[in-house]
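A.B. asks: Before I ask anything, here is the structure I am working with.
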Amino acid sequence: MADPGPRRSGPSRRLLGVRIDLHTHSTASDGTDSPAELIAAAAAAGLDVMALTDHDTTSGWAQAVGALPAGMRLIRGAEFSCTAPDGRGGNLSLHLLGYLFDPESPAIGAEQTRLREERRRRLRVMAERMAADGYPVDPEVLLADLPADAPAGRPHLARWLVSAGVVSSVDEAFQRFLATGGRYYAGRADTDAHTAVRMVRHAGGVPVLAHPFAPGRGPVASEDVIAELVTEGLAGVEADHPDHTGPDRERLRGLAAELDVLTTGSSDYHGHNKAVRLGQETTCTEACERIEAMASGVGVVAG
Ligand code: AMP
Ligand code: FE
Ligand code: FE
Ligand code: ZN
């Protein structure tokens with residue numbers, strides 16, 4: 001039998017050699033590769049299709065399109081920070097990936113602007129709390145160093161703490177200082193998840209729930225919450241994600257089959273901010289084709 005080459009992990013991949021990673025971040029949000037560097041890194045990692053999904057912004061799209069090499073395809077998207085009732089009187093945090101939506105949608109534009117302002121407000125509160133406890137953090141400089149419309153995130157504060165020698169890694173910063181619910185943590189007024197699903201659909205996009213069962217980010221969504229979002233138009237769930245265990249993935253595949261939605265697999269690459277590799281998790285060709293067929297906002301860009 002002929003050597004199938006290094007890409008052995010799925011039948012469609014072996015047949016077609018297509019590698020698809022549908023969740024990545026650039027410097028347009030909290031990654032460390034510029035959109036152009038990210039595209040180059042994706043090509044070097046052997047990806048054929050990549051989605052750019054920065055938090056709460058589409059500002060990296062143009063540079064990514066400009067950097068696309070021949071043969072590679074780009075799915076333009078974003079990751080929306082959302083909240084939903086947890087069914088026990090509280091709220092939980094959810095991340096919604098929106099693919100191929102119209103970036104001119106007034107509703108999406110207004111909500112992304114609001115969220116970016118909310119992100120700055122909240123990061124300032126966290127930085128002020130650390131400064132008040134004597135840590136060498138200057139909230140003004142931290143925020144001034146970020147581009148004016150960049151979605152400020154905890155990784156930015158984490159990298160400050162690494163540079164200041166307070167911690168030796170972004171991960172340590174999260175564990176010691178920035179964890180959800182910890183002493184320095186401040187919450188954000190995120191988008192209602194139902195509203196976000198409808199908003200992405202109205203803009204011709206395809207909404208997929210990011211890492212639904214990842215722990216360490218607070219309580220996770222129940223099957224009921226996910227089922228409700230499907231009635232609003234949720235098209236899929238990210239099953240293969242570095243933060244999901246094997247049983248999590250199986251449960252999500254079972255749930256997706258029951259709800260008749262698709263499953264994706266993605267690295268959630270953030271450059272040096274996270275120890276994951278591009279293409280570490282991948283999406284099958286069929287799911288990617290379904291996303292493309294469902295979308296009417298913008299098209300997939302071919303390099
Ligand atoms: P925020 O959006 O400000 O709430 O920050 C959450 C971001 O921090 C997400 O994009 C995560 O990918 C990232 N993050 C969460 N935990 C860690 C960690 N332990 N190490 C590095 N990045 C993390
Ligand atoms: Fe992030
Ligand atoms: Fe996320
Ligand atoms: Zn992400």
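A.B. asks: With a cut-off of 8 Å between alpha carbons and a minimum separation of six or more residues, what is the relative contact order of the range 158-271 in percent? Mind showing how you got there, number by number?
C.D. replies: Numbers: 120 pairs, mean separation 22.0, N = 114.
Normalised by residue count, the contact order of the range 158-271 is 19 percent.
A.B. asks: In Å², what does the accessible area per residue of the range 163-303 work out to with a 1.4 Å probe?
C.D. replies: Dividing the accessible area of the range 163-303 by its residue count gives 43 Å².
A.B. asks: What does the extension gain come out to for Ala44 and Ala148, with contour length at 0.36 nm per residue minus their alpha carbon separation?
C.D. replies: Length gained between Ala44 and Ala148: 34.3 nm.
A.B. asks: Quantify, in whole percent, the carbon and sulfur part of the accessible surface of the chain (1.4 Å probe; protein heavy atoms only).
C.D. replies: 51
A.B. asks: Which value, in debye to the nearest 20, describes the size of the charge dipole of the range 13-122 about its Cα centre when Lys and Arg Cβ atoms bear +1, Asp and Glu Cβ atoms bear -1, and nothing else is charged?
C.D. replies: That gives a dipole near 220 debye.
A.B. asks: Over all alpha-carbon pairs of the range 75-233, lay out the pair-distance distribution in 5 Å bins, whole %, shortest bin first.
C.D. replies: All Cα pairs considered, the percentages come to 1, 9, 16, 19, 18, 15, 12, 7, 3, 0.
A.B. asks: If you stretched the chain out fully between Asp192 and Glu128, how much longer would it get, using 0.36 nm times the residue separation minus the C-alpha to C-alpha distance?
C.D. replies: Difference between extended and current length: 20.3 nm.
A.B. asks: Ok, one more. With the cut-off at 27 Å, report for the chain the share of all Cα pairs above it, as a whole percent. Don't jump to the answer; show the numbers that get you there.
C.D. replies: On the way: 18237 of 45753 pairs.
Every Cα pair in the chain considered, those over 27 Å come to 40 percent.
A.B. asks: Okay, moving on. Using modelled amide H (1.01 Å from N, peptide plane; none on Pro or chain starts), what sits under 5 Å from the amide H of Asn91, excluding residues fewer than 5 places away?
C.D. replies: Hits under the 5 Å cutoff: Asp86.
A.B. asks: Sum -39500 (n - 2.57) across every DSSP H segment of at least 4 residues in the chain, then divide by the residue count to get the 222 nm mean residue ellipticity, nearest 500. Let's see the in-between values first.
C.D. replies: Working: 11 runs with 113 residues, N = 303.
Mean residue ellipticity at 222 nm (helix-derived): -11000 deg cm²/dmol.
A.B. asks: For the range 214-279, calculate the relative contact order in percent as a whole number, restricting contacts to Cα pairs under 8 Å that are 6 or more residues apart.
C.D. replies: So the answer I get is 31 percent.
A.B. asks: While we're on this one: Could you tell me the ratio Rg/Rh of the range 70-152? Both radii from Cα atoms, Rh via Kirkwood.
C.D. replies: Taking Rh as the inverse mean 1/r over Cα pairs, Rg/Rh reads 1.09.
A.B. asks: Past the 23 angstrom mark, what percentage of all C-alpha to C-alpha distances in the range 168-303 do you count?
C.D. replies: Cα-Cα pairs in the range 168-303 separated by more than 23 Å: 42 percent.
A.B. asks: Let me ask you something else. When ligands, DNA and RNA are left out and all protein chains stay put, how many square angstrom of accessible area per residue does the range 46-158 have with a 1.4 Å probe?
C.D. replies: Ligands and nucleic acids excluded, the figure is 38 Å² per residue.
The values are calculated or read from the model by the stated rules, or taken from the named source; none is laboratory data. In this text the structure is predicted, and so the values were computed from the model without any measurement. A quick note on method: Cβ atoms are made from the backbone with ideal geometry, for glycine too, and the neighbour counts reach across all protein chains shown. Protein only, heavy atoms only, side chains kept; ligands, DNA and RNA dropped before computing areas. Shrake-Rupley method; radii C 1.70, N 1.55, O 1.52, S 1.80 Å.
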